[in-house]
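Single-structure report; data block below.
The values are calculated or read from the model by the stated rules, or taken from the named source; none is laboratory data. Just so you know, these numbers come straight off a predicted model, no measurement behind them. Positions of Cβ are backbone-derived with ideal geometry, glycine not excepted, and every protein chain shown enters the neighbour counts.
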Amino acid sequence: MNISVLGSGSIGLLFANRLATANLGGATIRLISRRDKLPGNNGEKKASLIQLIDRTNESIPQPRADNGDVQSERNDAVIHEVNAGEFRELDHKEGDVVIVATKAYQAVEAVESITWDDNTFQPTLVLLCNGALGLKAALLERLEFLDASRMKFATTTHGAVANRQGDDFVVEHLGRGETWIEGGFPGERELHDGFASFGNATLLSTRMMEKLLIDKLAASCTINPISAIEGCRNGAVLDSSENRQLFEAVLSEISAVFGTGDDGVDRLTSFVTRVIDNTKNNKSSMLRDVERGIKTEVEYFSGYVVREGLKRGIATPANSKLYKTIRSIEE
Ligand code: KPL
């Protein structure tokens, strides 16, 4: 079995290192990255080290002695060699998996840049990006050769940061979290076991996964844009009455667009207020993107809700207002 991780951001590196360490019955783990992010000049299939620094205060899973590609261990670091390259041509077999861990807005191009060995067979694409619901819609719309039944969702609460040290990737695992995977594909058991080797992991039905992703979308369409506009930490997004009104309106629009049922708004409200409370001292990813002057994921959050609303004839003025404000900040 081949497991390829597409994207060398913090979550991609964390998952590639942890899965390689888990030694899943001989599964090959590869990291697929953009050429400009790879060490050296000749990006093709160059081996690269992913050094993991465990800051979760839990014991690090011990690599097995027969796992030849473990390079060394130091106090709090497990250094693992993972094949990293552009891998333009993937020789996939039944049961293979590509975990998509790029930013949502990079994923269409990243998936497109891989040439599958023949057009009749595809590995399962496991969409582990923020904004995965919108990403699936975009992939299906823009890459006609993809098969919807070969796309599954995953979401995680692991925390990590990454940087480069010379030719190596360094990822710090800051918080051990949980990973949820939509089941129903060959290789789901191996992937689940791999994820379970470094945190909790749960296989979900398609219905339960969609419910979870709608809850997460509700958090991404409120906490992210409001905190980015206000320049505040997550705990302060509901401080003003204007923002409380906006918050309620965004959630009721999401509930209407995605048909979350009679208790939908209450469910979304209690989920998002819990996230605000649990992350009150954090800066949201969108605020951090705005502060760094880079593109945000608003197209896959508020933008996705607006587009789905249009398709279904449901007005989404609150999401549209936040979408337009963030777009104008980006320009
Ligand atoms: O995950 C998040 C992010 O920073 O993107 C939060 C704000 C906690 C929820 O959307």
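Results, tabulated for the structure shown:
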| quantity | calculated |
| --- | --- |
| Residues of region 120-161 classified as within 17 Å of PRO186 (Cα to Cα) and within 11 Å of the chain's Cα centre (by Cα), total | 4 |
| Among (1) away from the ligand (no atom under 14 Å from the Cβ); (2) under 30 Å from ASP54 (Cα atoms), the one test that ASN224 misses | (1) |
| Any hit, region 295-302, residues being crowded, with 18+ Cβ neighbours inside 10 Å, more than 13 Å from the ligand (Cβ to nearest atom) and β-branched (Val, Ile, Thr) | no |
| Selection status of LEU125, under 26 Å from ALA22 (Cα atoms) and buried (at least 18 other Cβ atoms within 10 Å of the Cβ) | yes |
| Residues of region 126-151 satisfying the condition of being within 16 Å of the ligand (Cβ to nearest atom) and hydrophobic (A, V, I, L, M, F, W, C) | LEU127, LEU128, CYS129, ALA132, LEU133, LEU135 |
| Output for region 292-306, where each listed residue is touching a residue at least 40 places away in the same chain (Cβ under 8 Å) and farther than 18 Å from THR102 by Cα | SER302, GLY303, VAL305 |
| Among the residues listed as SER227, SER220, the single one being in contact with an Asp or Glu (Cβ under 9 Å, 6 or more places away or on another chain) and in the same structural domain as LYS324 (by TED's automatic domain parsing) | SER220 |
| Test: residue in region 167-186 that is among the acidic types (Asp, Glu), within 16 Å of the ligand (Cβ to nearest atom) and closer than 30 Å to ILE29 by Cα | yes |
| First in region 269-283 and under 8 Å from ASN234 (Cα atoms) and without any contact (Cβ under 8 Å) to a residue 60 or more places away in the chain, second anywhere and of a type in the set (A, V, I, L, M, F, W, C) and more than 10 Å from the ligand (Cβ to nearest atom), Cβ under 7 Å, 6 or more apart | ILE276/LEU238 |
| Answer residue from region 239-283, given it is over 18 Å from ARG312 (Cα atoms) and acidic (Asp, Glu) and is nearest to the chain's Cα centre (by Cα) among those | ASP277 |
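Yes/no matrix, rows are residues, columns are (1) free of Cβ contacts under 8 Å to residues at least 24 places away in the same chain; (2) more than 16 Å from the ligand (Cβ to nearest atom); (3) touching a strand residue (DSSP E or B) at 6+ places or on another chain (Cβ under 9 Å):
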residue	(1), (2), (3)
THR206	no, yes, yes
GLU230	yes, no, no
GLN245	yes, yes, no
GLU253	no, yes, no
